[in-house]
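The values are calculated or read from the model by the stated rules, or taken from the named source; none is laboratory data. A quick note: this is a predicted structure, and the numbers were derived from the prediction, not measured. Calculation scope for accessible area: heavy atoms of the full protein, side chains included, ligands and nucleic acids excluded. Shrake-Rupley method; radii C 1.70, N 1.55, O 1.52, S 1.80 Å.
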Amino acid sequence: MKIIPYYKSHPDPLNEECCIHLKEDPTPLALEPGLPVWLESYDPSLILGELRTGGRITLNSLWLEERYWHAYREHFPYFDRIVLVPHDPANRSLPYESKLETILRLAEQYRIRPEQIIVDVCVLPYFRCPDLDLYALRARAIREMGLKTVAGIDNLVFRERKPYPLLAELLTGLDDSLTYGLISSKYAHFARETLMTSR
């Protein structure tokens, strides 16, 4: 698993592959040529503005909401990678596997290439889903399809008073089955140290 630090604002300096939440700021990011960066925003125009700079941009992330698919439809070929999140706010009760099938069909319909796809295994807070083995099973099944996988690792510890033991358990449990671990920058050093120690 490769750790991708997540930032709620632009880190300075920007010198490693990371994920940045874009806010309404007209100033473009100062991206080094060839440095991959993951971008997310509730406003597609902010990401599309960065895409026009020609950088190696991963779109994080694309849910099962038609308005986002519509906004990016002509631009999918220009993203380096695209994170698909099998989540539909309008149909929360549907099982993950059903939503995964739907989003992969959409990706095919919109001609997103398999090598562009990263699938989110949708880690929930521990109090909602304490069965951590579930995520390893999901990730392995997706990897068997020949696709890359990612998880928002620190989603697990939302509202937990002692996050580090749970984070360590999830990191070590998913190390072999996840391609990427997306984690808040404050936990990134801990995540890397945990994985180095466990290997």
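As a test of reading the structure, rank Leu156, Leu106 by solvent-accessible area (1.4 Å probe, protein chains only), most first.
Highest to lowest solvent-accessible surface, that is Leu106, Leu156.
Using only DSSP helix segments of four residues or longer, with each worth -39500 (n - 2.57), what per-residue ellipticity at 222 nm results for the chain after dividing by its residue count and rounding to 500?
Calculated mean residue ellipticity at 222 nm is -10000 deg cm²/dmol.
What number comes out for accessible area per residue over the chain if the probe is 1.4 Å? Units Å², please.
On a per-residue basis, 55 Å².
Amide H of Ile3 versus every other amide H placed in the peptide plane: which residues, excluding those fewer than 5 positions away on the same chain, fall under 5 Å?
Under 5 Å from the amide H of Ile3 lie the amide H atoms of Gly181, each far enough along the sequence or on another chain.
How would Met1, Met196, Met145 rank on accessible area, largest to smallest, probe 1.4 Å?
In descending accessible area the options line up as Met196, Met145, Met1.
Any idea what the relative contact order of the chain is, in percent, if you count C-alpha pairs under 8 Å spaced at least 6 apart?
21
Would you mind telling me which residue in Asn60, Asn91, Asn155 has the biggest mean-square fluctuation in a Gaussian network model of the chain, where springs connect alpha carbons within a distance under 10 angstrom?
Asn91
Find how many whole Å separate the alpha carbon centroid of segment 71-107 from the alpha carbon centroid of segment 5-49.
Rounded to whole Å, the Cα centres lie 21 Å apart.
Leaving ligands and nucleic acids out of the surface, order Trp63, Trp38 by accessible area at 1.4 Å, largest first.
Trp63, Trp38
Over the chain, how many pairs of lysines fall under 28 Å by alpha carbon, counting only those 8 or more apart in sequence or from different chains?
Counting lysine pairs in the chain gives 15.
At 0.36 nm per residue, and after removing the present C-alpha to C-alpha distance, how many nm does the segment from His75 to Ala141 gain when stretched out fully?
20.9 nm
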